Amino acid sequence: MIVASKLTELLANYVHDGILSVILADRDGRILAYSGGSLASARALAAIIDNAWLAYNRHGTPITTENEALKSLWIQNENASHVVLKVSDFLLCLTATPNSNVNVLAKKAEDLASKLSPLVELKNSVNLLP
C-alpha cells in the first residue's frame, strides 16, 4: 500500500526554484497528495484544473485517437503559471511563479510524472485526502 505521506514527500522535493506547489488529484478533483500552500488552495486549484481538463476534452480540439489525446495543459495568469499533466487516471499540477521558465517547468513536471507513474498505478490501494 502506498503511504500518502511518502507521496507528499516526493512532491515536496519539487517545491523550490520558483515552484510554489504541486498537486496530484483524481479526475473528480479530489486530492491524493499535495505540497506547498494550504489544503483549501490545493482543493480549489484541483477543482479548477479538473474542470479545465474536462472542458477541453469535451469542447476543445476533436480527439480521434489515443495518440492525439490531451497530455498536458498550460494555464497562466498574473499570479502564477500552471502545468497540468495526466499521470495514469490522475492529474498532476505544478504551480510556479508567473516569471518561471516554462521549459524548465515542463521538464520538472515530466520528471515528476515519470516517478509517479508506477506509484499511481496502485491507485486502488491509496486513500484520498478528505
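Tallying residues that are of a type in the set (V, I, T), crowded, with 16+ Cβ neighbours inside 10 Å and modelled with pLDDT under 90 within segment 3-55 yields 1.
Within segment 63-88, if we keep just the residues that are modelled with pLDDT of 85 or more and assigned to a loop (DSSP other than H, G, I, E, B), the residue that is most open to solvent (accessible area, probe 1.4 Å) turns out to be E78. Collect the residues in segment 1-49 that are touching a residue at least 40 places away in the same chain (Cβ under 8 Å) and in a helix (DSSP H, G or I), keeping them in residue-number order. A4, L7, L10, L11, L39, L45, A46, I49, listed by residue number.
The values are calculated or read from the model by the stated rules, or taken from the named source; none is laboratory data. Since the model is a prediction, treat every value here as computed from it, not as a measurement. Virtual Cβ from ideal backbone geometry, glycine too; neighbours counted across all protein chains shown. Accessible surface is based on the protein model in full, side chains and every heavy atom, while ligands, DNA and RNA are left aside. Shrake-Rupley method; radii C 1.70, N 1.55, O 1.52, S 1.80 Å.
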